[in-house]
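A quick write-up on the structure given underneath.
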Amino acid sequence: MIRRNFIKTVALTGSAISVSPGYTLYPADPKKVGIGFLGVGSRGRNYLRMKNKIIFLFLVVLSTGIKAQPEFSSHRGSSVDAPENTIASVNLAWEQGADAVEIDVYLSKDNRLMVIHDSNTKRTSGQDYLVKATSSDILRELDVGSFKDEKFRGERIPFLEEVIATVPPNKKLIIELKCGTEGLPFLKNVVAKCGKKRQLDFICFDFQTITAAKKMFPKNKCHWLMNGKEGLEEKLKTAAKAKLDAVDIRHSDIDEKIVKLAHKLNLDVVAWTIDDPVEAERLIGLGVDGIESNCVSCLKSKLSEKQN
């Protein structure tokens, strides 16, 4: 019996597909699918070698019309329908079918990771406390729900561990680190105890913080957040050199050249923050890997309507 291995790849995401005896379409990595010649006996070997070439060319042509759907993440939970960064908004996002939920964390005076977007509590609670200068027991007394709607009165600023506990199987929590590297030791303690480490991604605008997070959590995806087109290509190269996993870019800064360069550097591209289905279609066409929205169910519904 003569066996040989022959592997080619095409840019296509998908499930394993058997295309003929001896050939398999399988996920080689998150962005590619391979065509493997699994081997046959010497009898008919020349025939199958030619057949291999024909099938490979056919599948390359076929694959050009197939696009993978990006991961849809809910920005600060379902922040259109519920108060942002609360247990109510996070749970609603899961109910609405989000693949992932993005939240923000700051470190309190007593070193608790608090889920809140702003550095102070004025906008969401009406009372002005600087998070890093205030103990968590005082922060937890604040109502951060009624600013959105009276029915949410009594919603509190969650601890990070409370939000992690809501994450269903096969879903992800994307944690934006609003504090600097000083918060990482406390993040490590929370992650170690949560039981859902593999379901956590980390993102940050500060390069030093996100690279330190990657060293601390080498098996978790770490994304560098970016805002603005100036120097964007060089930033992609810097992210790749630092062995980061993805770049999160403002949607209006993303074009075909940026997506191609990122993928060439083995970086995923996540677009933020999109509620317009026309813009979402443009980004999906460019091949982005993730789309962040204030209401995932609303955006998916609008996209479905356009397709129908």
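The values are calculated or read from the model by the stated rules, or taken from the named source; none is laboratory data. It should be emphasised that the depicted structure is a prediction, and the values quoted were computed from it without experimental measurement. Note that we place each Cβ from the backbone using ideal geometry, even for glycine, and neighbour counts take in every protein chain shown.
Laid out as a table, the results:
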{"read-out": "When residues of segment 166-190 are limited to those that are within 23 Å of Leu130 (Cβ to Cβ) and assigned to a loop (DSSP other than H, G, I, E, B), the one nearest to the chain's Cα centre (by Cα)", "value": "Lys178"}
{"read-out": "Residues (closer than 17 Å to Ala240 by Cβ, crowded, with 17+ Cβ neighbours inside 10 Å and touching a Phe, Trp or Tyr at 6+ places or on another chain (Cβ under 7 Å)) located in segment 205-219", "value": "Ile210, Ala213"}
{"read-out": "Output for segment 191-200, where each listed residue is part of a helix (DSSP H, G or I) and in contact with a strand residue (DSSP E or B) (Cβ under 6 Å, 6 or more places away or on another chain)", "value": "Gln199"}
{"read-out": "From the options Lys243, Lys302, Lys264, residue that is assigned by TED's automatic domain parsing to the domain that holds Ser79 and modelled with pLDDT under 95", "value": "Lys302"}
{"read-out": "Among (1) surrounded by 16 or more Cβ atoms within 10 Å (Cβ to Cβ); (2) in contact with a helix residue (DSSP H, G or I) (Cβ under 9 Å, 6 or more places away or on another chain) - the single one Lys243 does not satisfy", "value": "(1)"}
{"read-out": "Single residue of segment 89-100 satisfying the filter (touching a helix residue (DSSP H, G or I) at 6+ places or on another chain (Cβ under 6 Å) and surrounded by 21 or more Cβ atoms within 10 Å (Cβ to Cβ)) that is nearest to Val288 (Cα to Cα)", "value": "Ala98"}
{"read-out": "Output for segment 104-125, where each listed residue is more than 21 Å from the chain's Cα centre (by Cα) and in a loop (DSSP other than H, G, I, E, B)", "value": "Ser108, Lys109, Asp110, Asn111, Arg112, Asp118, Ser119, Thr121"}
